[in-house]
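Below is one structure, written out as structure tokens; comments come after it.
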Amino acid sequence: MKLESYQSMDREELKRRVANVKREYGKRLLILGHYYQQDEVIEFSDHQGDSFALAKAGAANKDAEYIIFCGVHFMAESSVILARKGQRVFMPDPDAGCPLADMANIEQVEDAWAALEKAGAAKDIVPITYINSSAELKAFCGKNGGIVCTSSNAANAFDWALSKKKKIFFFPDEHLGRNTANVKGFKKNEMVLWDPLEENGGVNPKALAEAKIILWKGHCHVHTYFNLEHVKHAREKYPGCKVVVHPECSEEVVKASDASGSTSFLKKFAEEAKAGSTVVIGTEINLVHRLARENPTKNIVPLARSLCPNMFKTSLADLCYVLENLPEVNEIEVAAYIIDEAKVALQRMLEL
Ligand code: SF4
């Protein structure tokens, strides 16, 4: 049956069909749902989590042959990289990408590296890629003495890198890189911004020689949507509230907040807040709404309404379509040599 036929089915019919396929496959099937997914998808997920936790959950499951990754493309790729032998990974909507991950492609990163080599700087640099990046970028880091990091272990990845060499080349999220460098005490003049659209990244040789952290010019539009006005407004509206944000937010917003951390950190913050208190959260709206429902004794509110349209793409109809057509549609594949090299960089992260 074609995808269009599922899109015209009513919700109850889709639910019944998804539940049937889950029953039929039993433990051979594992559905993973990222925290930012729609509730109708989360309802059928065997695990919820951030991208790395889900990829690990898939690989840790000895019975699962078919992993259905409800998230965006780079996440499903990470799941393929970490998968056990014989496991296959599928996406309900393989067109769900991540604009942040797409802001650095392998050709651009290789060009940048060649420019850094030409400038005589590459020998002193460890490349770090945020997990929100393509498998090819992870492989690049594996091949060039680098590492992968998540938003929860970026500071440890910085320490690891600087124990090896003098400088870090961080991609593709400028803001996570800058916020992490701030936490580690780096000064403004120790950071430069590498714009892949400009010659030599738009960085002059003197600034490059002095820099300790080279930040790729990339951002997550969902998190950079938040601004200082939002923080000010929240503090006026909810006196005494705590404002907590994701480190993909801008430096100004992170500095104006009470705390900043990964999705798992934000979730824990909401869970551990005192009953009756107000927590204002700056991250994807579907997650904030879910946290509000899961913590009814606290007032959990969004800093502003910011939705990830790519995460929102995956619907119950897409999930039903991929399940009823297993294993014929939407398989995510990564070339074996990329998997091998990417695993090296992921393994380094796991050993942090
Ligand atoms: Fe990418 Fe941002 Fe959406 Fe996450 S929230 S998938 S980083 S665009």
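Quick notes on this one:
- The chain: relative contact order as a whole-number percent, Cα under 8 Å and 6+ apart: 22
- Each part gets one Cα centre, and for region 209-248 versus region 129-187 those centres are 19 Å apart.
- Placing +1 on the Cβ of every Lys and Arg and -1 on the Cβ of every Asp and Glu, with nothing else charged, gives region 106-155 a dipole about its Cα centre of roughly 160 debye.
- Reachable aspartates and glutamates, given that their alpha-carbon falls under 15 Å from the alpha-carbon of K274 and they are not under 8 places away in the same chain: E294
- A straight Cα-to-Cα reach below 24 Å connects K313 with the lysines K2, K15, K22, K56, K267, residues fewer than 8 places away in its own chain not being considered.
- Cα-Cα over 31 Å, subset of K62/K255; K164/K217; K232/K268; K138/K206: K62/K255
- Placing +1 on each Lys and Arg Cβ and -1 on each Asp and Glu Cβ, with no other charges, gives region 24-160 a dipole about its Cα centre of roughly 680 debye.
- Farthest positive-ward along the chain dipole, Cα basis, beta-carbon charges - from V203, C249, N182: N182
- About the Cα centre, charge dipole magnitude for the chain (Lys/Arg +1, Asp/Glu -1 at Cβ), debye: 1300
- Label-point separation, E199 to Y238 (7 Å along Cα→Cβ), nm: 5.0
- The modelled label-to-label distance between E190 and A119, using points 7 Å beyond Cα along the C-beta direction, is 1.8 nm.
- Here the chain yields Rg over Rh of 0.99, to two decimals, using C-alpha coordinates and the Kirkwood radius.
No value in this document is a laboratory result; all are computed from the given coordinates. Note that this is a predicted model, so its numbers are computed, not measured. Because the Cβ atoms are built from the backbone with ideal geometry, glycine has one as well, and the counts that use them run over all protein chains shown.
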